[in-house]
Amino acid sequence: MSPIKTLIISGQNNHDWQRSTPYIWLLLQNSGRFDVDVTTSPDLVLAEASALDPFDLIISDYNGTLWSDKVKVNFEKTIEQGTGLVILHAADNSFDGWEGYERMVGLLWRQGTGHGKFHEFPVTIKDHQHPITRGLSDFRTTDELYHRLVHLHHVDYHVLSTAFSSEESGGTGGDEPMMVVTQYGEGRVFHQVLGHVWSGGDMTALENEGFRTSFIRGCEWAATGDVEDNR
């Protein structure tokens, strides 16, 4: 099977993209399923629609300056026409007011969203039949636990896993979504809410085996609509 041609969009983030982007690049390359490129200048690289034509999958590790109207149109058309999209952690903070992007993500960090302290917690698989989570077990991780993500534009979304946001950790006292899938036109979208890497902090959240496995599977599903079961 041909490798999944993948583009990671990075270069700006309030999290440490200079470590998270190389980490996920290596994770995907080493899986044997992906051929991965990176751009840290999306507003330049994506200005020509043809630049996105080779890719089966786009991963956003980007939370920064709003792109130009031309890039936004190119990006929307690319996902709408069937290229898969993966949103990693703080990428759901991006582009407040860009309706197309907000419709892709469905649940976003907007006014009222927050998180408690960086801490250890269990992640519970809620859908054991979806290709991403089929055969996966609940796992424990140490991460930021986002709470009160905002549901925008009445987008249909499906939650694959949750985590309990304890009041003791600074959370809500309720279950919060950790893995979410949506659809934008023909494009499948996997939203991995986990994956915090703060500048100067450790890489625990990304090194977690549950994160690694679900991220690879989410990327494969977004690109192809299924996941090989030999993980």
(message) Out of Ile79, Ile132, Ile58, Ile87, I need the residue that is touching a Lys or Arg at 6+ places or on another chain (Cβ under 8 Å) and within 16 Å of Trp221 (Cα to Cα). Which one?
(response) Ile132
(message) Restricting to segment 146-177, name every residue that is of a type outside the set (Val, Ile, Thr) and closer than 14 Å to His191 by Cα.
(response) Tyr146, Leu149, His151, Asp156, Tyr157, His158, Leu160, Ser161, Glu176, Pro177
(request) Just give me the residues in segment 4-39 being open to solvent by 40 Å² or more (accessible area, probe 1.4 Å), of a type outside the set (D, E, K, R) and in a helix (DSSP H, G or I), in sequence order. (result) Trp17, Gln18, Pro22, Tyr23, Trp25, Leu26, Gln29, Asn30
(request) Consider only pairs whose beta carbons are under 6 Å apart and that are at least six residues apart or on different chains; among these, list those whose first residue lies in segment 66-79 and is surrounded by fewer than 14 Cβ atoms within 10 Å (Cβ to Cβ) and whose second residue is not charged (D, E, K, R) and not in a helix (DSSP H, G or I). (result) Lys70/Ala47
(request) Could you figure out which of (1) at pLDDT 95 or above; (2) not in a helix (DSSP H, G or I) isn't true of Met1? (result) (1)
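Residues Arg103, Arg19, Arg110: which one is touching a His at 6+ places or on another chain (Cβ under 7 Å) and among the basic types (Lys, Arg)?
Just one listed residue meets the conditions, Arg103.
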(request) Just need a number here: residues in segment 80-101 that are open to solvent by 10 Å² or more (accessible area, probe 1.4 Å) and under 14 Å from the mean Cα position of the chain (by Cα). (result) 1
(request) Having 2 or more residues that are closer than 17 Å to Asp92 by Cβ is the bar; report the strands (runs of 3 or more DSSP E) wholly within segment 134-229 that clear it. (result) 158-165, 174-184, 187-192
(message) Just to verify a result, which residue in segment 208-230, among those that are in contact (Cβ under 8 Å) with a residue 40 or more places away in the chain and open to solvent by 70 Å² or more (accessible area, probe 1.4 Å), is nearest to Val181 (Cα to Cα)?
(response) Asp226
(message) Residue pairs, Cβ under 6 Å, 6 or more apart or interchain, first in segment 109-137 and open to solvent by 20 Å² or more (accessible area, probe 1.4 Å), second polar (S, T, N, Q) and in a loop (DSSP other than H, G, I, E, B). List them.
(response) Asp127/Thr133
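The values are calculated or read from the model by the stated rules, or taken from the named source; none is laboratory data. Every value quoted in this text rests on a predicted model; they were computed, and no experiment measured them. Quick reminder, even Gly has a Cβ in these numbers, built from the backbone with ideal geometry, and neighbours come from all protein chains shown. In case anyone asks, the SASA skips ligands and DNA or RNA and just uses the protein heavy atoms, side chains included. Shrake-Rupley method; radii C 1.70, N 1.55, O 1.52, S 1.80 Å.
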